[in-house]
Amino acid sequence: ACRDDMESIGYVAMYFLRGMLPWQGLKANNKRDKYERIKEKKLTTSIEVLCKGYPVEFTKYLSQCRNLRFD
């Protein structure tokens, strides 16, 4: 969906700024568990924490993306 694409662009921008994302490097016994851990980390990492120390526009952008409806 377009919403996912836009949110992904925001994550890529934060990756370039931060050098990593909080859900990178998580370990698990298998791929399914790893993807579940990544999902959980994404859901529990607030946009404010992810974007802390960077221009407020990144927080606003990701917040707007999360508030878009799925098509």
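The values are calculated or read from the model by the stated rules, or taken from the named source; none is laboratory data. Please read these numbers as outputs of a predicted model, since none were measured by experiment. For neighbour counting, all protein chains shown are included, and Cβ atoms are generated from backbone atoms with ideal geometry for every residue, glycine included.
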State which residue pairs qualify: first residue within 12 Å of residue 4 (Cβ to Cβ) and inside the stretch 49-71, second residue surrounded by 13 or more Cβ atoms within 10 Å (Cβ to Cβ) and charged (D, E, K, R) in any location, beta carbons under 7 Å apart, and separation of 6 or more residues or different chains.
65/3; 65/7; 66/7; 68/3; 70/3
For the structure I just gave you, tell me whether residue 13 is surrounded by 11 or more Cβ atoms within 10 Å (Cβ to Cβ), without any contact (Cβ under 8 Å) to a residue 60 or more places away in the chain, touching a helix residue (DSSP H, G or I) at 6+ places or on another chain (Cβ under 7 Å) and part of a helix (DSSP H, G or I).
yes
So, in the stretch 35-65, of the ones that are of a type in the set (A, V, I, L, M, F, W, C) and farther than 12 Å from residue 22 by Cβ, which residue ends up modelled with the lowest pLDDT?
65
Condition (residue is among the aromatic types (Phe, Trp, Tyr), more than 12 Å from the chain's Cα centre (by Cα) and in a helix (DSSP H, G or I)) applied to the stretch 39-58: is it met by at least one residue?
no
